[in-house]
Every structure is written in structure tokens, then in C-alpha cells.
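First the structure, in the form of C-alpha cells, and then the observations on it.
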Amino acid sequence: MRLKDWFRWGRREPAVQLAALERELAAGWSERAFTHLKELAATGDPAAQFRLGQVYERAEGVVQSLPDAVRWYRAAGEAGHLPAQARLGLIYFIDPPKPAGVTALDPGEPGADARLEGTLSQFFPEGVSVRQDFVEALRWNRLAAAQGSPAAQARLANQLALGLGTARDPVEAERWFTAAAVQGEAVGYLGLGLLHAGGEDRPADYAKAAAWLARAAQAGNAIAEYGYGKLLLHGEGVAADPKAAVEYLTRSAAKDYVPAMYLLGMIHWQATGVARDTGSAETWLRRAQVRGHQEAACALAQMQLESPEDDGVEASALLREAAEAGNPRAASALAELYLFGRGVPQDATEAARWLKAAGSQARPEAFTLLASLHAQGIGAEPNFAVAADWLRHAADRGNLDALYNLGSLYKLGQGVPQDFAEAARHFQAAAQRGHADADYQWGLLSLEGRGVPGDALGARARIEAAALAGSADAQAWMGDCCRLGLFGPPKLVEAEAWYRRAAGAGHVGAIALLANALDQNPTPSPAAQSEMFGLWLTAAAAGDAAAQCRVALCYRDGRGCAPDRAAAIAWFARAAAQGHEAASAALAALETPADTVNPAATITQAG
């Protein structure tokens, strides 16, 4: 440019110069236009400074540099330029991305200054990134909001509502959300809707929340579509309309709003206002899960585990990914898969690791089951001391079975020193909260005067109460008392009634005793013989050697069942293997040629 042309250019108004530069840049970037823009910005013209900041931010013919953009936006903003103030409020509010293709060196990192030396520092004297800074965002959003920027008003309200860069102030937040909403800003509608939905410091007004969220949803805001869909689903502040709720949630999910995907999956899975549709549920949950929604991963895994045919392999993988990302619910569920050996090997050590990671989300029942594995040596070496530790964890969380089992360990001296007083304390704690078996054990200690003062009558009352509450051990004990006359004359009818109750609960000893009691009838009917056989068979299947011998006799003699010599031999053999002498003798007799055996003697011997 000739000198006289330069003076003519320089005498133009800055706005005229900038308009000419805009036309030139629109036609195609040029070094000359860029140079003139920098010169105009250097004179202090806010509009030129803002435009230069845009050039750096948008990489219009230059290497993208957000720090350089911020430098010029700041200069314009300090001069009161509204668009620059609003832009700075947004940049500091979000977490700005670093420029593509440039090594991410953060000027705030230790040693970063030294690493920014050389060629890189020549290209980026302002650095290569801008840190998120809510305090700076608050400053610029407040300035822009005061000048009427609806977007800045909404951001300022957001910061005030959430306490970002300032103390929380819901009242002031509502004022600025309202200011933005008056200007038609959808985020203002959304903010008012969320504020009226309630929180820790204000009650909910769902009618107002629904009205504002509906306006934001109609403007296409994905978060508002999700929030309004939830209100429609549950009928909060608006008439319940599950069909409309699904429509709004689907719109939100189509905008890739992940919480809407998750909620849609749960709606279809749990049939919340719609017909159950596991196919749609799985589709939505998977879409949320692949986008990192950990609760969706947990739900998807649980949905799979509901099918008895599912092997648990994929469910365990889903839970592991979420658990490793720090989700405590996933860690709890994964621990239980290790406890049961579903989808993963049964492993007490892995179960313990994930239960610890689950923290308060871990179910106390899982601690009790882990203690059982250690006590039985399943998935770990048998260790009653470790079992006792895990039972304490469960007991501390109020688990009654854990209290009962701890009492049993103290009573038997397994994993802990034998201490009847400590056993009674745990039994009493569980019994007082309704644990019938603990009440029974507490009654036995009281009957025997171990750990607590002896009280025979009080103990009997306590054990009877436990029996009435459903303790099979207590019911069998009451049957014995009535049969043997331990608290008065024998009462065989009452004994039979107690044995029946215990047998109905699966108490093996009571089943066998009930069968024996029925067998006392000198002429049992065919129905009675069939019932006796069924009872003995149940006890035999549970491993009771005497019952196994009785079953063998029934098969041998055809009492309550069809005669079956092979079955008789098999059951005599099972009883004999446990050291039952009468079964051994009867088995030997069956295996001896018939002409050398006295059948009557064999029957007597076996009986």
C-alpha cells in the first residue's frame, strides 16, 4: 500500500475499517487483511479486538489459539464489549478443548514453563490452553448479564444455583433465570423448571416446574424433554401420561441425552405405565451403557441375570467394567456373582475385594454368605476367624442372621474363644428383633445356665415362643419335651403336632421322629404306612443313616411302597457306609443265599 493510501485508510472510522476488513476476509483470508485487523485491534478498538479473538478461536487462516483469542476478548470485554464479555463467560464456564494437532501442554502443570521453550513457545506465547475457571466465568457472565445477554444471564443463574465460583444463592439464581426466560432463552426456562422441582433448600412446586420445563422442551432442549418426561411419567405437577412421557424421553434420547436412554430402558423393563418390553429395554440400556452410563450397565446385567438360563458371563463383564469405574452398586453385584460362582469362578477372595469396594452399597446378606464360604472352605481355605470378621461386618449393619451365627461361633468356640456370655449376648440381640432360632438358642443357654442365669421355666417359655415363631429346632425340641414328658406327663398327640410343624420346615430329625411316632401304631393303615415311607425317604435323602435303614426295610418288605430288592440293597448300603450296624447286618443277610437266612431275625436286627 502506498503511503498516501495508508493515511487515507488510517483516517477512516474504525467501524468503516472493520467493515472493509470483514468483506476482505469473507472473500478469502489474506495476510494483508489479517495485519490490518491486528493493527486496528492494537489501537484499542473493542470491535476489532473481538473480531481478532474470533480469528484466533476459529482458526481463520491462522493456527488455532484459544489463549490468544482470550487475550483479545479480554481487551474488548474490559472496554465493555458485550459479545466479548459473553464469550469469555462461556469459555471460562466450560472446559475448553485444546487445539487439535498440538501437544497438550498445560501452563499450570509443574515444569510446563520449561517445556514450552523453543519453537512451541514462539508460536504460542500465550500458552496452548485455557483452564476452566468458574471465578472468571462468574465475573464475565455477570458483566454480560447486566448488559442484557440472555445466554450470559442463564449461565450466571446456573453458577448461582450450583455454587460454581461463588456461594449458592437460589433466590438470585431465580432472578437471572427469569431475566433470561423473559427474553425467550430456553436455558432460562429449563433453569426455572429445575429450581421449582425442588432441592435441599427449597420445597418442590411441581406445577410450576412442569410449566417451565414444558416450554423448554417445546424449544427442543434435551434436558427439559427428559425432565418434563419424568414429570409426565409420575404425574407430578401434571396429569400422568406415560405415553406422552415416552415420547418426550425419546426426543431427548434422540439428541443423545444419555439419562433419557437409561430411563426409557427402565420404563420398558419395569413396565412403568407401559407394557413390559424387554427387547426395547435392552436396546435403550445398551445405548446408555456404551456411552458410559454405569447404572445402565448394572440394570442390563440384572436384567440378564433374571433369566435362569443366563450363564452370567456377559453380566459379570458389564458389572466389572462399571465396578472398575468406581460404581459401588456394580461392585456389590459383582461380589455376589463371585459368592455364588455365576459367570465367574466362586472365589471368596474376589468377593471380599469387591464387597470392600462396594462400601455402603454392599448388602449385609453378602457378608454373611462370604462368612459361610470361609467357614465351609468354599472358594477359600476354611477359616472360622475370617468368617467371624465378616459376620461382624454384617452384624454391624443390622443383619440378624449374622448376629445369630456369631452367637453360634462363640457358643462352639470356632474362630473365636468359647464364651457363653458373648454367645448369649448375640442370641439375645437377634432374638429381641424377631429371630426365632436365636430365641431358641438363648432359651437353651438359659435352661443350662451357661452365660446367663439358669431359669428352666423361663427358658421353656422362650423356646415355646421360638417354636411358635417358626424355629424348626425349637419345634422339634418341643416335640421331644412332649414325647418324653420333660415338663409333665408325656403328651404324644402334642408331640406329633410339634414334629409335624418341624418336619414341614424340613427338620430332618423331626421328620424321622414323626415317622417313628406313626410307626408306634400296632396296626398302621396303608395311608399311614405310605406317609411313614415318605417321611423316612425325605430324612434318608438328607443323609440320616437310621432313616436310610428304615427306607431299605420298607423296600425289602413292601411297607408303604412296592417291594424292590435292588432299592433295599442300595439304601442298606448307604446306611452301612455311615457305620449303621443294623443296616450292615441286613445288607449281609440280603446278599446271603435265601436258604441260610432266618428272615424274622433279619427284620428284628434291622429294626
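The C-beta contact set for the range 447-458 (first residue β-branched (Val, Ile, Thr), second residue modelled with pLDDT of 90 or more, distance under 6 angstrom, 6+ apart or interchain) comprises Val452/Ala424; Val452/Leu445; Val452/Ser446.
Does Gln183 satisfy being modelled with pLDDT of 95 or more, in contact with a Pro (Cβ under 6 Å, 6 or more places away or on another chain), of a type outside the set (Asp, Glu) and farther than 25 Å from Ala240 by Cβ? So Gln183 fits the description; yes. Answer yes if at least one residue in the range 586-599 is part of a helix (DSSP H, G or I) and crowded, with 21+ Cβ neighbours inside 10 Å, and no otherwise. Scanning the range 586-599, I find at least one residue that is part of a helix (DSSP H, G or I) and crowded, with 21+ Cβ neighbours inside 10 Å, so the answer is yes.
Please determine, by comparing only the residues of the range 200-242 that are more than 30 Å from the chain's Cα centre (by Cα), of a type in the set (Gly, Ala, Ser) and farther than 21 Å from Gly273 by Cβ, which one is surrounded by the fewest Cβ atoms within 10 Å (Cβ to Cβ).
Within the range 200-242, the subset more than 30 Å from the chain's Cα centre (by Cα) is 207-208, 211-212, 214-220, 238-239.
Going one step further and asking which of them are of a type in the set (Gly, Ala, Ser), we end up with 207, 211, 214, 216-217, 219-220, 239.
From what is left, the residues that are farther than 21 Å from Gly273 by Cβ are 211, 216, 219-220.
Details: Ala211: 17, Ala216: 26, Ala219: 15, Gly220: 12.
Residue satisfying both the conditions and the ranking: Gly220.
Restricting to the range 410-427, count the residues that are under 29 Å from Ala357 (Cβ atoms) and either buried (at least 24 other Cβ atoms within 10 Å of the Cβ) or touching an Asp or Glu at 6+ places or on another chain (Cβ under 6 Å) (or both).
Within the range 410-427, the first condition is being under 29 Å from Ala357 (Cβ atoms), and the residues that meet it are 414-416, 426.
Then drop every residue that is not either buried (at least 24 other Cβ atoms within 10 Å of the Cβ) or touching an Asp or Glu at 6+ places or on another chain (Cβ under 6 Å) (or both), which leaves 426.
Matching residues across the range 410-427 total 1.
For the range 224-237, the set of residues classified as free of Cβ contacts under 8 Å to residues at least 24 places away in the same chain and in contact with a helix residue (DSSP H, G or I) (Cβ under 6 Å, 6 or more places away or on another chain) consists of Leu232 only.
If you check Thr272 against the conditions, is it surrounded by fewer than 20 Cβ atoms within 10 Å (Cβ to Cβ) and in a helix (DSSP H, G or I)? Judged against the criteria, Thr272 is not a match.
From the list Gly359, Gly343, pick out the single residue that is surrounded by fewer than 24 Cβ atoms within 10 Å (Cβ to Cβ), part of a loop (DSSP other than H, G, I, E, B) and in contact (Cβ under 8 Å) with a residue 12 or more places away in the chain.
It is Gly343.
Here is a list: Ala216, Ala210, Ala197. Which entry is under 22 Å from Val246 (Cα atoms), at pLDDT below 95 and not charged (D, E, K, R)? Exactly one of Ala216, Ala210, Ala197 is under 22 Å from Val246 (Cα atoms), at pLDDT below 95 and not charged (D, E, K, R), namely Ala197. The listed residues are Ala254, Ala275, Ala245, Ala297, and the only one of them that is within 23 Å of the chain's Cα centre (by Cα) and either at pLDDT 95 or above or farther than 30 Å from Trp354 by Cβ (or both) turns out to be Ala297.
Please verify whether the range 141-149 includes one or more residues that are under 32 Å from the mean Cα position of the chain (by Cα) and either surrounded by 20 or more Cβ atoms within 10 Å (Cβ to Cβ) or assigned to a helix (DSSP H, G or I) (or both). Talk me through it step by step, then tell me what you get.
Narrowing the range 141-149 to residues under 32 Å from the mean Cα position of the chain (by Cα): none.
The answer is no, given that none of the residues of the range 141-149 is under 32 Å from the mean Cα position of the chain (by Cα) and either surrounded by 20 or more Cβ atoms within 10 Å (Cβ to Cβ) or assigned to a helix (DSSP H, G or I) (or both).
If I ask for residues that are under 20 Å from Val16 (Cα atoms) and assigned to a loop (DSSP other than H, G, I, E, B), which ones from the range 46-79 would you list? Ala79 - this is the single residue of the range 46-79 that is under 20 Å from Val16 (Cα atoms) and assigned to a loop (DSSP other than H, G, I, E, B).
Somewhere in the range 238-253, is a residue of a type in the set (D, E, K, R), under 30 Å from Ala296 (Cα atoms) and in contact (Cβ under 8 Å) with a residue 24 or more places away in the chain? Checking the range 238-253: at least one residue is of a type in the set (D, E, K, R), under 30 Å from Ala296 (Cα atoms) and in contact (Cβ under 8 Å) with a residue 24 or more places away in the chain.
The values are calculated or read from the model by the stated rules, or taken from the named source; none is laboratory data. Remember, it's a predicted structure, so these values are computed and weren't measured experimentally. So basically every Cβ, Gly included, is an ideal-geometry build from the backbone, and we count neighbours across all protein chains shown.
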